[in-house]
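A quick write-up on the structure given underneath.
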Amino acid sequence: MTSIVTEGNVTADAELRFTPNGKAVTNATIAVNDRTRTQDGEWVDGAASFYEITVWGTPAESFATSATKGTRLVVAGELAVEEYTDREGQTRTRRRITAEHVGISVRFTTATSHKRPATNASAR
C-alpha cells in the first residue's frame, strides 16, 4: 500500500457502525480539490477527487462525531485503489484511505480540542 496525507471536505456526515465482535468502524468520503492560480492572479478550483475514509477502533467513535458534512479534514493513512463493477455493469475505481491520523484542518476555520478519556491500547 501507499502512504498518503491529504486535505479535503467531508461530503456527508460520517457513519459509525460496529463489527459483530463490537469493534467500531466509521466511514466518510472527502472531496479534494486542487487550486491553481491563473496568469491574472485569480485562484481556480480544479476537478474534485474523492477518497473514502475508514477509521477503526476507539478513534472511529471520535471521528464519527467530528466528521460532519463540510468539515475540512487532514487525513493520513494507507491508500488503496480498488476497482469494482457498479449496478449498471460499468467498471469503476474507488480510492480508500485506511486512516491512522485524522484532524480538523484550521486553514479556513478554528477548532476546539476535547481530550477523550483514556482507554486501553487493545481497543485500537
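Listed values, structure above:
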| read-out | value |
| --- | --- |
| Full-stretch length increase - H101, T11 - with 0.36 nm per residue and alpha-carbon distance subtracted | 30.5 nm |
| Apportionment of accessible area to carbon and sulfur, the chain, percent (1.4 Å) | 47 |
| Lys, Arg +1 and Asp, Glu -1 on Cβ, resulting dipole of the chain about Cα centre, debye, nearest 20 | 460 |
| Most to least packed among 61-70, 2-11 [average Cβ atoms within 10 Å] | 61-70, 2-11 |
| Segment V81-K69, extension gain: residue separation times 0.36 nm, minus the distance between their alpha carbons | 2.0 nm |
| For region 42-91, average projected area of the Cα convex hull in nm² | 6.1 |
| Cα gyration tensor, region 1-119 - rounded (a/c under 1.5), prolate or oblate | oblate |
| Å² of accessible area per residue within the chain, as computed with a 1.4 Å probe and no ligands counted | 71 |
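The values are calculated or read from the model by the stated rules, or taken from the named source; none is laboratory data. If you're wondering where the values come from, they're calculated on a predicted model, not measured in any experiment. Cβ coordinates were reconstructed from backbone atoms using ideal geometry, including for glycine residues, and neighbour counts include every protein chain displayed. Heavy atoms of the whole protein, side chains included, go into the accessibility calculation; ligands, DNA and RNA do not. Shrake-Rupley method; radii C 1.70, N 1.55, O 1.52, S 1.80 Å.
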